[in-house]
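Take a look at the structure set out below.
All of the numbers you see were taken from the coordinates with simple rules; none came from a lab. Note that this is a predicted model, so its numbers are computed, not measured. Methodologically, a virtual Cβ is constructed for each residue, glycine included, from the backbone with ideal geometry; neighbour enumeration extends over all protein chains shown.
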Amino acid sequence: MSRTEIVQYIDRADLIADRLARENQPPGTLPGHLLISLFFENSTRTRASFQIAGQRLGFNVVDMSLATSSTGKGETLLDTAMTLNAMRPDVLVVRHAMSGVPHLLSHQVNCAVINAGDGNHEHPTQALTDALTIRRRKGTLEGLTVAICGDIMHSRVARSNIRLLTIMGSTVRVVAPATLMPAGIETFGAEPFESMAEGLEGADVVMMLRLQLERMHGSHVPSTREYFRFFGLDSDKLHAAKDDAVIMHPGPINRGVELDSVLADDIGRSLILEQVAHGVAVRIAVLEALVQDSAPGAPG
Amino acid sequence: MQGGLLTEGKKIIDVGPGLFAEGPPEDAVHIDCAGLVLAPGLIDTRAHLREPGAEHQETLFTASRAAAAGGITSILCTPDTDPVIDGVAEVEFISRRARETSLVKVYATAAITVGGQGRQLSEMGLLAESGVLAFTDANRAVENAGLMFRALKYARSLDLLLVQHPEHPSLTDNGTMNAGPLATRLGLPSRPPIAETILVERDLRLAEAAGARIHFPILSTQGAVEAVLAAKERGVSVTAGTAPHYFSLTEIEVEGWRTFAKVSPPLRVEADRAAIADAVVNGVIDVIASDHSPHHEDSKRQPFEQAAFGMAALETVLPLALEFVHSGRMSLLELLRRVTSGPATIFGVPGGRLAAGEPADLVLLDLDLAWVLDAKEFRSKSQNAPYTAYPVRGKAIRTVVDGRPVFGGET
């Protein structure tokens, strides 16, 4: 996506967020469209927010999860996609544990495909949500210093945020233990740090990432308590950031692993629940754009 | 060299300049090769032929049809079939099926360890007696260093050749492509080049200590080439091979999650590609093999992480390798050594030379014929390769095995 397209989406989502806050309704509805949400991987907020976004727009929403689909019966991914395509949806929202699946499916179906998170690749609507949340609090994205901290290697949220925020003129830093830092991350325009004190120095936004359970016990970091000691965000480490720095997290939070509970619930600094609310607004903006002719282009 | 070659039955009986100065013998079939090059048939030391067990992907017959079209007259097949070739019965099955169905010669290699599981040595002595030319656990290196050391010592005592995939399994993990910025961007689990350097360094030391021969069939990294060069210089009995995709392509081919370019070891970066090409030119790499890995489309039309490794390659070895000659980097004779006499010597395969008494396994090449590689045209049962409109020059136009034409010509 270009900077212009990103701004179009965020501007529209901004307006929708205001309207939702006032009257729980988007500015307009687009009834009659069919959205199939196809989640091959567990998700609470992304899945719910796409469904709610679709419903608020008056779409017919069909929710398919791995547990209820035929992939358990040996049907291949492409067969599943083609089967659903035959039911003529307008939008397919796809979440999959493997990178590139929405890309693969988009070549097999003739409806719009939205990437709702694929493997360690991208999560574009989350990045738009985070950008909207930052802009609403800070007024701009330009010139801000954003520190993304934690399991960068396995994070699609980090990748999408780095892409989007650098396009929008923010300075992006990534902070992670060496075992969770992906190769060549500096080529994406993010500056890598292996220490929270250095990485958070003067930051406007501290974005914490979830540490996946399976990485915690010895395979990538020795233990959760050691991880929290060096990379968990507490008020001590937060001192390095600007006084008005805000805390973000795409959820779900491991309290006491990557983020201290007190900070997570600090309504003055934590934007975590705003991220959730804005997620619906962004997804409404994206769905609108995709079913209207004025679509600026599919994210992802 | 201009000259003539005479075959009788399965053998070459005479060859040399001015052989037919008086004209060819009247009772012989005469093939005029003017403007063409007559060479020994290619010997492919590593191809996955899928029979037995995955005949929907390839059979000895369909593979041999592709091989013949690619100028290959002998194939060493890998043991990663179902069942694994780790016993005399499986070797005899391959020999019989080859005799009954294959247009080219097929030699079995067998697993170093039972089932290729990396735990227990296979019956290498008995397998060698039944005709096995080399031992390999195919796409998986023997991980346990102690077991590999014993395998090398045992192989040395019987003068057998061990062939080892070059990557250490504990470092490749679940990696699906080369590690680096592209893997980070595509969000794919990756395999670092160090996985190859470490395994090659380790086995070179083990082979040196055991006094054994070792062959790395498909090197892909600069680090491994440097390790092999250093070992050759200190006298280790090591030989190395590579496949054409490692000197022709880089990781950029997997952009867009293109599973047809998913191979093991993975395609690397330009510095590695160039190092592999240099190693072919200067002889650190002795052999070019196809590493032909046919897969049905269903195994490839998958999310990248789930898709199978490997590409169909029997018909691409010759045209891709000839690029070294066209670019002036190698003489034709030097290049042919990498695919004929080189592998013949290392693996003990009959053929690979134009000399009286050698098998009449021959290929007639049109070096300058320009054509376009397109995987859809492959004669292999599977067409999984990332070439769609890849311009090449040089082609086998007639292939002969044991004096019998198996490809091209009117007979």
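About the Cα centre, and with charges only on the beta carbon of Lys, Arg (+1) and Asp, Glu (-1), how big is the dipole of the protein assembly as shown? Nearest 20 debye, please.
840 debye
GNM on chain B, C-alpha springs below 10 Å: top fluctuator among B:Val339, B:Val238, B:Val15?
Among B:Val339, B:Val238, B:Val15, the largest GNM mean-square fluctuation belongs to B:Val15.
About the Cα centre of chain A, what is the dipole size in debye to 20, counting +1 per Lys and Arg Cβ and -1 per Asp and Glu Cβ, all else neutral?
The dipole magnitude comes to about 500 debye.
With springs connecting C-alpha atoms under 10 Å apart, model chain B as a Gaussian network and identify which of B:Arg65, B:Arg213, B:Arg150 has the largest mean-square fluctuation.
Greatest mean-square fluctuation among the candidates belongs to B:Arg150.
With everything on Cα atoms, drop me the angle between helix A:156-167 and the longest principal axis of chain A, reported from 0 to 90° to the nearest 10.
80 degrees
About its Cα centre, how strong a charge dipole does chain B have in debye, to the nearest 20, once Lys and Arg get +1 and Asp and Glu get -1 at the Cβ?
For this selection, approximately 560 debye.
Compute the angle between helix A:3-23 and the longest alpha-carbon principal axis of chain A, please, reported from 0 to 90 degrees and rounded to the nearest 10.
Approximately 80 degrees, to the nearest ten.
Given the pairs B:Lys300/B:Lys376; B:Lys11/B:Lys395; B:Lys11/B:Lys105; B:Lys105/B:Lys153; B:Lys262/B:Lys395, which span a C-alpha to C-alpha distance of over 18 angstrom in this model?
Too far apart for the 18 Å limit: B:Lys11/B:Lys395; B:Lys105/B:Lys153; B:Lys262/B:Lys395.
Could you work out the pair-distance distribution P(r) of the protein assembly as shown from its alpha-carbon pairs, with 10 angstrom bin width and percents rounded to whole numbers?
Using 10 Å bins, I get a P(r) of 3, 14, 21, 20, 16, 13, 8, 4, 1, 0, 0 for the protein assembly as shown.
If you take the beta carbon distance between A:Thr140 and B:Glu270 as r and set R0 to 35 Å, what does 1/(1 + (r/R0)^6) give as a FRET efficiency, to the nearest 0.05?
0.30
DSSP beta bridges in the protein assembly as shown, what fraction antiparallel, as a percent rounded to 5?
If we restrict to bridges inside the protein assembly as shown, about 30 percent are antiparallel.
Starting from the Cα coordinates of chain B, work out the convex hull volume and express it per residue in Å³.
130 Å³
Just to be sure I understand: with springs between alpha-carbon atoms less than 10 Å apart, which residue in B:Gly125, B:Gly23, B:Gly70 has the highest mean-square fluctuation in the Gaussian network model of chain B?
B:Gly23
Explain nothing, just the number: relative contact order of chain B, from Cα pairs under 8 Å at least 6 residues apart, as a whole percent.
Relative CO of chain B lands at 20 percent.
Sequence-distant or interchain residues sharing an amide H contact under 5 Å with B:Thr176, placed H: which?
B:Ser190, B:Arg191
Roughly what % antiparallel, to the nearest 5, for the DSSP beta bridges in chain A?
Approximately 5 percent, going by the DSSP bridge assignments.
How are the C-alpha pair distances of chain A spread across 20 Å bins, as whole percents from the shortest bin up?
Per 20 Å bin, starting at zero, the Cα-Cα P(r) for chain A comes out as 35, 57, 9 percent.
Net charge near A:Ser49, counting Lys/Arg +1 and Asp/Glu -1 over other residues with Cβ under 14 Å of its Cβ?
Residues near A:Ser49 contribute +2 overall.
When Lys and Arg each count +1 and Asp and Glu each count -1, what net charge do the other residues less than 12 Å away from A:Met98, Cβ to Cβ, add up to?
-1
Rounded to the nearest 10 degrees, what's the angle between the helix B:145-157 long axis and the longest principal axis of chain B, both from Cα atoms, 0 to 90?
The angle comes out at about 30 degrees.
Toward the positive end of the charge dipole of the protein assembly as shown, about the Cα centre and with charges on Cβ (Lys, Arg +1; Asp, Glu -1), which of A:Gln292, A:Gly119, B:Ala389 goes farthest?
Ranked along the dipole, the leading option is A:Gln292.
Go through B:Gln2, B:Ile31, B:Pro52 and say which Cα lies farthest out towards the positive end of the charge dipole of region B:1-78; charges sit on Cβ, +1 for Lys and Arg, -1 for Asp and Glu.
Of the listed residues, the answer is B:Pro52.
Helix-derived [θ] at 222 nm for chain A: sum -39500 (n - 2.57) over DSSP H runs of at least 4, divide by residue count, nearest 500?
-11500 deg cm²/dmol
Taking the dipole about the Cα centre of chain B, with the C-beta of Lys and Arg at +1 and of Asp and Glu at -1, give me whichever of B:His292, B:Ser95, B:Pro265 is farthest to the positive side.
B:Pro265
Please report the spacing between the Cα centers of region B:1-65 and region B:317-384 in Å, no decimals.
Measuring centre to centre over Cα atoms gives 11 Å.
What spacing in nm lies between the two simple spin-label points modelled at A:Ala97 and B:Ala209, each 7 Å away from Cα in the Cβ direction?
3.9 nm
In square nanometres, what is one fourth of the surface area of the convex hull spanned by the alpha carbons of region B:76-131?
Projected area, direction-averaged: 3.5 nm².
For chain B, give the share of DSSP beta bridges that are antiparallel, in percent and rounded to the nearest 5; count only bridges with both residues there.
DSSP beta bridges in chain B are roughly 55 percent antiparallel.
Find out how many positive minus negative residues lie around A:Thr125, taking Lys and Arg as positive, Asp and Glu as negative, among other residues whose Cβ is under 14 Å from that of A:Thr125.
That sum, taken over residues with Cβ under 14 Å, equals +3.
As a check on your grasp of the helix formula, calculate [θ] at 222 nm for chain B: sum -39500 (n - 2.57) over DSSP H runs of n ≥ 4, divide by the residue count, round to the nearest 500.
Here the helix-only value at 222 nm equals -9000 deg cm²/dmol.
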